[in-house]
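K.L.:
Just passing along the structure, written as structure tokens.
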Amino acid sequence: MTVTAIVGAQWGDEGKGRICDYLAQQGAPIVMRFQGGDNAGHTVINQYGKHALHLAPCGIFNPQAMNIIGSGCVVNPQALLKELADLEAAGVNTDNLFISNRAQLLLPYHRLLDELEEAARGSDTIGTTKRGVGPAYSDKATRSGLRIGDLLNPEWLEGRLDQALATINRKIEVLGGTPVDGREIYALCMDYVDKIGHRIIDTVPVIQKALAEGRDIILEGQLGVMRDLDWGIYPYVTSSNPTAAFAASGAGLPARTLDNVLGIVKAYSTCVGDGPFPVELSDEEAERLRNVGGEFGATTGRPRRVGWFDGVAIKYAAWLNGMTSLALTKLDILDSFESIKVCTGYRMPNGEIITDYMPDTPMLYQAQPVYEEWPGWLSSTEECRSWRDLPPRAQAYIERLRELAGVDIEYISVGPERQQMFSVESGSFHLEMA
Ligand code: GDP
Ligand code: IMO
Ligand code: MG
């Protein structure tokens with residue numbers, strides 16, 4: 001039995017979905033999303049086609065897996081119902097999806113508030129996905145939130161909703177919006193009871209039993225460390241914690257049960273939304289990497305900001321998450337680049353070069369990336385299925401990334417499809433590079 005957390009090692013969109021889909025095919029694991037909401041866009045390509053999953057854990061394609069949306073999540077039932085309908089239309093059986101009764105309920109007024117709050121920020125926006133995630137977590141923290149389990153207790157829910165709306169409607173008015181009608185929201189909730197009531201569970205006995213039986217558990221994170229509420233580029237962050245320390249809490253597991261922390265990292269950098277991004281490229285260089293990489297948001301379709309691999313960010317991410325290994329994705333995207341840069345440090349205005357940690361946001365805006373340059377391998381890696389298949393220059397590049405991260409690379413993916421990925425046998429690096 002192993003408990004593995006899958007976490008984003010950069011700014012999100014590292015390929016967590018495809019790695020989770022791959023790992024979830026093995027046996028009958030429990031796959032649990034531990035934070036976030038439908039701001040996620042986790043792309044999976046397999047025999048069911050191409051899906052960008054927003055709330056459903058990426059183990060959904062394995063009928064033997066039990067998929068749970070954990071208590072650390074915020075759940076918009078409307079978004080979930082659409083997602084389930086799309087999956088079912090593609091032939092996926094979704095009977096194996098459950099929702100923690102302790103997860104927060106994301107309601108239409110949260111989306112409205114997300115829009116209004118972004119508008120109120122004027123020119124200094126966060127660039128949120130406008131899925132209502134921030135306002136839903138705010139309500140959780142101020143104890144005005146409703147929980148998924150409340151749907152099964154209508155009287156309780158009605159009282160909680162009345163109390164919550166008294167302040168929420170005042171806030172909506174202050175921000176220039178139209179207050180919402182409590183009766184309409186209540187009716188919507190009763191509709192949700194009919195449609196998802198049978199999926200609501202208390203996860204604690206389920207997890208206790210799974211641990212006792214020695215089942216594997218995969219904890220699927222959303223976004224990445226640089227958008228962590230505490231350790232990311234605050235305030236340009238999401239409103240939850242995508243780092244491994246929070247995986248146990250968001251899933252309802254004792255922290256010491258976590259065996260593996262698998263960091264997912266792209267062979268270069270991307271970022272959606274605002275805030276400092278030291279390795280950001282501009283003009284034709286950016287255009288080229290964005291187009292070759294297909295870097296457009298899976299949830300919002302926004303063009304992603306792009307840059308070379310950031311060795312400072314990965315070192316910080318590996319340390320903060322206590323990563324036990326890495327999965328490197330999108331190596332194939334670099335196949336056609338004559339030369340590839342890697343950021344190894346940030347030069348600060350006082351001349352200091354930072355290599356091991358991300359400075360706080362105001363300082364990060366002043367960081368100048370220090371690059372080294374690697375020769376490209378100029379051949380396709382898409383058909384590679386082992387370390388030995390990779391061109392020597394690609395091996396050298398990966399070895400450098402491993403060195404910067406200080407963590408072994410366990411998986412490499414060379415294309416978006418399930419089979420375009422392989423595990424690196426331990427010892428391969430030193431053997432081949434010697
Ligand atoms: P997530 O949010 O971390 O799951 O990542 P996204 O799905 O938002 O973004 C990753 C994108 O890269 C998706 O379009 C994937 O289909 C694609 N992808 C993942 N791994 C690879 C890879 O190794 N090569 C290529 N070419 N595309 C990949
Ligand atoms: P996955 O799970 C990339 C970014 C937004 C914004 C900030 C806050 O697919 O990697 P939010 O809507 O969460 O309040 O927005 O976080 N963001 C993402 N960026 N991938 C995601 O998810 C993201 N989810 C949120 O662009 O900068
Ligand atoms: Mg994504």
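The values are calculated or read from the model by the stated rules, or taken from the named source; none is laboratory data. It should be emphasised that the depicted structure is a prediction, and the values quoted were computed from it without experimental measurement. Virtual Cβ from ideal backbone geometry, glycine too; neighbours counted across all protein chains shown. Ligands, DNA and RNA are stripped out before the accessible areas are found, and what is left, the full protein with its side chains, is counted by its heavy atoms. Shrake-Rupley method; radii C 1.70, N 1.55, O 1.52, S 1.80 Å.
K.L.:
Hey, what did the chain get for relative contact order, percent, Cα under 8 Å, at least 6 apart?
P.N.:
Numbers: 959 pairs, mean separation 83.0, N = 434.
Relative contact order here is 19 percent.
K.L.:
Given 37 °C and 0.692 mPa s, compute D for the stretch 1-119 with the Stokes-Einstein relation, Rh being the Kirkwood radius over Cα pairs; round to the nearest whole µm²/s. Working shown, then result.
P.N.:
Working: Rh = 14.8 Å.
Once the numbers are plugged in, D ends up at 222 µm²/s.
K.L.:
To continue, here is another question. Taking the convex hull of the alpha carbon atoms in the stretch 308-406, what volume per residue do you get, in Å³? Don't jump to the answer; show the numbers that get you there.
P.N.:
Numbers: hull volume 10.3 nm³, N = 99.
Given the Cα convex hull of the stretch 308-406, per-residue volume reads 104 Å³.
K.L.:
Report the extension gain between residue 153 and residue 353 in nm, rounded to one decimal, defined as 0.36 nm multiplied by the number of residues separating them, less their alpha carbon distance. Don't skip to the end; give the middle numbers.
P.N.:
On the way: separation 200, 0.36 × 200 = 72.00 nm, distance 5.66 nm.
Here the answer is 66.3 nm.
K.L.:
Let me ask another. Not counting ligands, DNA or RNA, and with a 1.4 Å probe, what is residue 209's accessible surface area in Å² rounded to the nearest 10?
P.N.:
Rounded to the nearest 10, the figure is 120 Å².
K.L.:
Under the definition of Cα pairs under 8 Å and six or more residues apart, what whole-number percent is the relative contact order of the stretch 104-196? Walk me through the numbers before you get to the answer.
P.N.:
Working: 87 pairs, mean separation 26.6, N = 93.
This gives 29 percent for the stretch 104-196.
K.L.:
Let me ask something else. For residue 184 and residue 198, compute 0.36 nm times the residue count separating them, minus their Cα-Cα distance, and round to one decimal in nm. Write down the numbers at each step before the final one.
P.N.:
Details: separation 14, 0.36 × 14 = 5.04 nm, distance 2.23 nm.
Roughly 2.8 nm would be gained on extension.
K.L.:
Of 334, 152, which has the most accessible area and how do the rest follow, probe 1.4 Å?
P.N.:
Values: 334 0, 152 85 Å².
My answer, sorted largest first, is 152, 334.
K.L.:
To continue, here is another question. Ordering 155, 382 from largest to smallest accessible area (1.4 angstrom probe), what's the sequence?
P.N.:
Details: 155 165, 382 80 Å².
Output order, biggest surface exposure first: 155, 382.
K.L.:
While we're looking at this one, here's another question. Projected area of the chain, taken from the Cα convex hull and averaged over every viewing direction, in nm²?
P.N.:
On the way: hull surface 83.8 nm².
The number I arrive at for the chain is 20.9 nm².
K.L.:
Could you run the Karplus curve 6.51 cos²θ - 1.76 cosθ + 1.60 with θ = phi - 60° over the stretch 265-278 and give me ³J(HN,Hα) per residue in whole Hz, x for Gly and Pro?
P.N.:
Each residue of the stretch 265-278 in turn: 9, 7, 6, 8, 10, 9, 7, 10, x, 8, x, x, 8, x Hz.
K.L.:
Still on this structure, I have one more. What whole number of Å gives the distance from the Cα centroid of the stretch 280-344 to the Cα centroid of the stretch 68-122?
P.N.:
Using only Cα atoms, the two centres lie 28 Å from each other.
K.L.:
Related question: Which value in nm describes the separation of the simple spin-label points at residue 255 and residue 208, placed 7 Å from the Cα toward the beta carbon?
P.N.:
2.2
K.L.:
Below 20 Å, Cα to Cα, which lysines can residue 315 reach? Residues fewer than 8 away in the same chain don't count.
P.N.:
Cα-Cα hits under 20 Å: 16, 266, 330, 341.
K.L.:
Sticking with this structure for a sec: I need the Debye-formula profile for the stretch 104-196: one equal scatterer per C-alpha, no solvent, reported as log10 I(q)/I(0) at q = 0.10 1/Å, two decimals.
P.N.:
For the requested q values the scattering log ratios are -0.26.
K.L.:
Using helices alone, what [θ] at 222 nm do you get for the chain, with -39,500 (n - 2.57) per DSSP H run of 4 or more residues, divided over all residues and rounded to the nearest 500? Spell out each step's value before the answer.
P.N.:
Details: 13 runs with 142 residues, N = 434.
Only helices count here, giving -10000 deg cm²/dmol.
K.L.:
Please list 54, 198, 110 from largest to smallest accessible area, probe radius 1.4 Å, with all protein chains kept in place. Spell out each step's value before the answer.
P.N.:
Working: 54 50, 198 130, 110 5 Å².
Highest to lowest solvent-accessible surface, that is 198, 54, 110.
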